[in-house]
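Beneath this line is the structure, given in structure tokens, with notes to follow.
Bear in mind these aren't lab numbers, they're just calculated from the coordinates by the rules spelled out. What you see is a predicted model, and the numbers here were worked out from it, not measured in a lab. Please note: Cβ atoms are built from the backbone with ideal geometry, for glycine as well, and neighbour counts cover all protein chains shown.
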There are 2 protein chains.
Amino acid sequence: MDRFFNPRSIAIIGSFREGYFGGYVMVHSLLGAGYEGSIFPVNPGYREIHGIKVYPSLRDIPGTADVAVVMINARSVTAMLKECADQGIRSVVVVSDGFAERDEEGVRLQQEVVSFAGSLGLRIIGPNTAGVVNTANGFNPCPYEAGYYKLRQGVTAICAQTGMINPQAFAYPDMRFGVSKICDFGNKCDVDECDLLEYLEEDGKTEVISMYLESILNGPRFMKLASRVATKKPVLVLKAGRTEDGAKASESHTGSLAMDDRIFEAACAQAGILRLDRFRDIFEMPKIFSSQERLSGNRVGILTVTGGVAVVAIDECAKQGLSVASLGQDAAGALEKLFVGLGKNPVDVGPMMAAVPNAFDLYPKILGAILGDRNVDALFTVLWATPAGNVISRYVEAYERLKTQFKKPVVSWIYGPDAGAVAELAGRLEQIGFPVYDTPEKCIRALGLAWKYRRCTAHGGIA
Amino acid sequence: MDRFFNPRSIAIIGSFREGYFGGYVMVHSLLGAGYEGSIFPVNPGYREIHGIKVYPSLRDIPGTADVAVVMINARSVTAMLKECADQGIRSVVVVSDGFAERDEEGVRLQQEVVSFAGSLGLRIIGPNTAGVVNTANGFNPCPYEAGYYKLRQGVTAICAQTGMINPQAFAYPDMRFGVSKICDFGNKCDVDECDLLEYLEEDGKTEVISMYLESILNGPRFMKLASRVATKKPVLVLKAGRTEDGAKASESHTGSLAMDDRIFEAACAQAGILRLDRFRDIFEMPKIFSSQERLSGNRVGILTVTGGVAVVAIDECAKQGLSVASLGQDAAGALEKLFVGLGKNPVDVGPMMAAVPNAFDLYPKILGAILGDRNVDALFTVLWATPAGNVISRYVEAYERLKTQFKKPVVSWIYGPDAGAVAELAGRLEQIGFPVYDTPEKCIRALGLAWKYRRCTAHGGIA
């Protein structure tokens, strides 16, 4: 498996016509990402691409390649696998589509690939995949033009049964918490979620695993593995094809059969898998784990500028099994001394902000009082951003101090009349390691997942 | 009620100290929004503010005012109401806080306000409110500095039991579908959701009503009214304080008692109220109604660049009571002729995009084939945006044609590696009247609400 992510050399077999897809783009992606291994483009019709020699056939490349990427007509793939094996290549990414996701003929071709690869001892990712990325070594053989090539290094691995997680589909440069590895299983005729789980379990660069699955090929194996991995790192799974229609659509997407959703739900709870609900969760929920301290309890402090959002958040807390912290006497007293009415959770600074000219001077004290309270396990903050009056910097300064002072998760939601100021403050807080979500509900859901993880690691299962 | 939204003159009683809150800001907001009525700031300590004369007391203003806004200490409000009545002012917005949301003393003060106003025949919005906005006449007396003052005119009225919907809290300039009126009820000691519903029912500028409520003061009246209004315009309601903790928090937010959530749920279904789930829904869900044709059936066509998102969308369709359309022979045949494999719903153009150099030339034909199909009632599109190759303009051109050709709702989700390109395409599509949501699930939820509305108007109730 490691050869797929850490190859010393890659052979690329396909068209090198200039465009948005194919070998031309892939070589460009690798160069742009700073991959330092050898790149061997293979195509009899080209001599050079992006300044790199193109070889007429696999037989002509110097030595062998640790991994080959195949982007040719589905019908020719099996023959190419044979060539790969002949050249000593054992790891192949089949980008080509037109297999089990297409039609009967495709199903047959895929079976052929499987049995052929099996007999030759090859490992296959795909077919119908956008491939892999490893941010640690610049290995980004993305076959689609993304417009950017370097991804920020981080500790989250994202794996999916869709190319929707690869660089061409998602604005990773805007994601302030980076990724370690990306893998699109495609039709997963060979390498599947279990192989990835096993690999990522031992991967020192990965601390959180986030997956999108439409099917699980070997349910018992997956659950056994996941429950072992979950004791070491959080495993987040979005399972699509939950409904009958969805399952049918998944069949024609990646040619795979879905499992009964209720069984999966129960099994997740048993195995300590953190189940996701929405597509964006795949990217957004890992950051509570990758950037924040682990939760030690479920009592949430709420610091808000507006009572309305506190009510929304408290409703969501109840849904997530979180409780609203009751402030201890010390914290309540300290807050009450700062401004009358402040000494209860949710701590609503709205009236204070309107009444006190330099309210921001008090902000660090308020944060400190809440987070220093032994009755508070985590903090949800609602921040009002404005481009005026240095407000953004004041918030950032206050948060800077928290980093070293407290070992409790803090999640923030930012609102305000100026989208630019909201984005700027979000960016700056995330830069210093505090996750920001774009709805109050998401903030609480993130804490809910952290609490679920805490329970499942403490008692060996969520249920 | 109309005097609150269409006053010929406004008296503003409070502090005019320069800052982010209060009379200083309010006068600025009104001037910035282009309000053409008379503005009478009232405060003995000032002579002029933003070039406008300040009057020492209400008695000194010339004639009377259609509406007064009061921003003084809670304890002085009752006395000020008396002055208002003496000057013939019948409509008062009480921005001041420190009432039922604060403590026992505040509860008492609020009761005093209520009985006083009742005896004097005044109508009160608030206390503890950020007030109202009317985009038609530039009446934007926002007491908080928002940094912008003009809001785009539209057909959606947004009312809430929180100032989180007023200009200082939300980036209305970025919302491409404008609003007609905004109203924060605050503690709603007098004017409440029922008054607003009644008013908005007859308001020619309002076609959609979106509300955030923590409590409903008169359940039966609200339900009766809402069910009548819902036959004319969609009424969307986010009800917070659904859980026990949330209800308790709501009490200290606006001093109001929540109703049992299950009763509310059943009543909504009965009355044809479209219930919202998430805070952002208040702003985002109305646009399916304000910009799109009404749904005539529940069969959804899906046009996607990626199979994975289609599966996610189909799962969501099932949750929303929508079905995945089966294409008719004509449409299927036409699509299949354009590219093999295209003739089934979801229509996945992914393989075509990778294989055909000028795939975008086919886009209008594909859209036309799906929307022209009698078996398709609405369309969900997944668009891949890139700054390269004029792609954004090609999409926009294709959508331009749809506007006149088809009377079916179209909702879009846009993804891609470049956040700027995604935002640009979203902006341009919304400019020409096609709503874009930032997750695939939201697109389908919007169609789900449209379908719910269709059912409730067709049969007089959703249940």
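What gaps in nm, shortest first, separate A:D174 from its twins in the other copies when you place the label 7 Å past Cα toward the beta carbon?
Nearest to farthest, the other copies are at 0.9 nm.
Return one quarter of the surface area of the convex hull spanned by the alpha-carbon atoms of the protein assembly as shown, equal to its mean projected area, in nm². Could you put the intermediate results ahead of the total?
Details: hull surface 147.4 nm².
Mean projected area for the protein assembly as shown: 36.9 nm², to one decimal.
Would you please report the Å³ per residue occupied by the convex hull of the alpha carbon atoms in the range A:1-147? Intermediate values should be presented prior to the final figure.
Values: hull volume 14.7 nm³, N = 147.
Convex hull of Cα atoms, per residue: 100 Å³.
If we count every other residue with Cβ under 13 angstrom of A:V382's Cβ, Lys/Arg +1 and Asp/Glu -1, where does the sum land?
Details: positive: A:K442; negative: A:E316, A:D348, A:D438, A:E441.
Summing Lys/Arg as +1 and Asp/Glu as -1 gives -3.
Can you compute the helix-only [θ] at 222 nm over chain B? Use -39500 (n - 2.57) per DSSP H run of at least 4 residues, normalise by all residues, nearest 500 deg cm²/dmol.
Values: 17 runs with 182 residues, N = 463.
Helix contribution divided over all residues of chain B: -12000 deg cm²/dmol.
Can you give the angle from 0 to 90° between the axis of helix B:104-120 and the longest principal axis of chain B, with both taken from C-alpha atoms, to the nearest 10?
80 degrees
In debye to the nearest 20, how big a dipole does the range A:192-315 give about its Cα centre with +1 on each Lys and Arg Cβ and -1 on each Asp and Glu Cβ? Can you show the working numbers first?
Numbers: 16 positive and 20 negative charges, 91 e Å.
Value, rounded to 20: 440 debye.
I need to check one value: relative contact order of chain A, counting alpha carbon pairs closer than 8 Å and at least 6 residues apart, in percent. Working shown, then result.
Numbers: 994 pairs, mean separation 51.2, N = 463.
Once divided by the residue count of chain A, the mean separation gives 11 percent.
Based on the inverse mean of 1/r over its pairs of different Cα atoms, what is the Kirkwood hydrodynamic radius of the range A:337-412, in Å?
Details: mean 1/r = 0.0762 Å⁻¹.
Every distinct Cα pair counted, the radius reaches 13.1 Å.
Show which aspartates and glutamates lie in cross-link reach of A:K232 when reach means a straight Cα distance below 19 angstrom and same-chain residues fewer than eight apart are skipped.
Within the straight-line cut-off, A:K232 pairs with A:E193, A:D195, A:E198, A:E201, A:E202, A:D203, A:E207, A:E293.
Share of Cα-Cα pairs in the range B:294-443 beyond 19 Å, in percent?
Working: 5422 of 11175 pairs.
It works out to 49 percent of all Cα pairs.
On a 0 to 90° scale, report how tilted helix B:77-86 is relative to the longest principal axis of chain B, with both axes built from alpha carbons and the result rounded to the nearest 10.
Result, in degrees: 80.
With viscosity set to 0.890 mPa s and temperature to 25 °C, compute the Stokes-Einstein D of the range B:364-463, Rh being the Kirkwood radius across alpha carbon pairs; µm²/s, no decimals.
Values: Rh = 14.5 Å.
Approximately 169 µm²/s, per Stokes-Einstein.
What gaps in nm, shortest first, separate B:E36 from its twins in the other copies when you place the label 7 Å past Cα toward the beta carbon?
Relative to the other copies, B:E36 has label-point distances of 7.1 nm.
With N set to the number of residues, divide the alpha-carbon radius of gyration of the range B:99-161 by 2.2 N^0.38 Å and report two decimals. Display every interim value, and only then the final one.
On the way: Rg = 15.2 Å, N = 63, 2.2 N^0.38 = 10.6 Å.
The value comes to 1.44.
Where the convex hull is taken over the Cα atoms of the range A:3-89, what is its projected area averaged over directions, in nm²?
Details: hull surface 21.8 nm².
One quarter of the hull surface, i.e. the mean projection, equals 5.5 nm².
If you count, for every residue in A:154-164, the Cβ atoms of partner chains within 10 Å of its Cβ, what is the mean?
On the way: counts 0, 0, 0, 0, 0, 0, 1, 3, 7, 5, 10.
Mean number of neighbouring Cβ atoms from other chains: 2.
For the rotation that brings chain B onto chain A, whose beta-carbon in chain B is nearest the axis, and what is that distance in whole angstrom?
Nearest Cβ to that rotation axis, in whole Å: B:D438, 4.
Got the relative contact order for the range B:77-134 handy, in percent, Cα pairs under 8 Å and 6 or more residues apart? Before the final figure, lay out the partial values.
Values: 69 pairs, mean separation 26.0, N = 58.
It comes to 45 percent, rounded to a whole number.
Over 25 Å apart: what share of the alpha carbon pairs of the range B:165-271 falls there, rounded to a whole percent? Write out the running numbers ahead of the final one.
Working: 1244 of 5671 pairs.
Result for the distance tail: 22 percent.
So for each of A:36-43, B:126-133 I average, over its residues, the number of other beta carbons within 10 Å; can you give me the resulting order with the highest mean first? Working shown, then result.
Numbers: A:36-43: 19.5, B:126-133: 28.1.
The packing order, highest mean first, is B:126-133, A:36-43.
With a 10 Å Cβ neighbour count serving as the proxy for reagent exposure, in which order, fewest first, do A:S115, A:S412, A:S323 appear? Numbers along the way, then the final one.
Values: A:S115 11, A:S412 22, A:S323 16.
Listing A:S115, A:S412, A:S323 from fewest to most nearby Cβ atoms yields A:S115, A:S323, A:S412.
Enumerate the calculated ³J(HN,Hα) couplings along the range B:367-380 in order (Karplus 6.51 cos²θ - 1.76 cosθ + 1.60, θ = phi - 60°), each rounded to whole Hz, writing x wherever the residue is Gly or Pro.
Rounded to whole hertz, the list is 4, x, 4, 6, 5, x, 6, 5, 8, 10, 9, 7, 10, 10.
Assigning unit charges at the beta carbon (Lys, Arg +1; Asp, Glu -1) and nothing else, what dipole magnitude in debye, to the nearest 20, does chain A show about its Cα centre?
1120 debye
Taking each residue in B:168-178, count the Cβ atoms of any other chain within 10 Å of its Cβ, then average. What number comes out? Spell out each step's value before the answer.
Values: counts 6, 8, 4, 8, 1, 3, 5, 1, 0, 0, 0.
Averaged over the peptide's residues, the number is 3.
Treat chain A as a sphere of radius equal to its Kirkwood radius over Cα pairs and apply Stokes-Einstein at 4 °C in a medium of 1.567 mPa s; give the translational diffusion coefficient in µm²/s, rounded to a whole number.
On the way: Rh = 23.9 Å.
The Stokes-Einstein estimate is 54 µm²/s.
Using only Cα atoms, find the angle between the long axis of helix A:329-338 and the longest principal axis of chain A, and express it within 0 to 90 degrees, rounded to the nearest 10.
Orientation of helix A:329-338: about 80 degrees from the principal axis.
What gaps in nm, shortest first, separate B:D2 from its twins in the other copies when you place the label 7 Å past Cα toward the beta carbon?
Computed spacing set for this position: 7.9 nm.
Mind checking the mean number of beta-carbon atoms from other chains within 10 Å of the Cβ atoms in A:280-286? All intermediate terms of the calculation are to be shown ahead of the outcome.
Working: counts 5, 1, 0, 0, 0, 0, 0.
Per residue, the average neighbour count from other chains is 1.
Aspartates and glutamates within cross-link reach of A:K150: Cα-Cα under 17 Å, excluding same-chain residues under 8 positions apart?
A:E36, A:D174, B:D418
Just name one of A:L197, A:M26, B:A68: the one whose Cα is farthest towards the positive end of the charge dipole of the protein assembly as shown (beta-carbon charges, Lys/Arg +1, Asp/Glu -1).
Ranked along the dipole, the leading option is A:L197.
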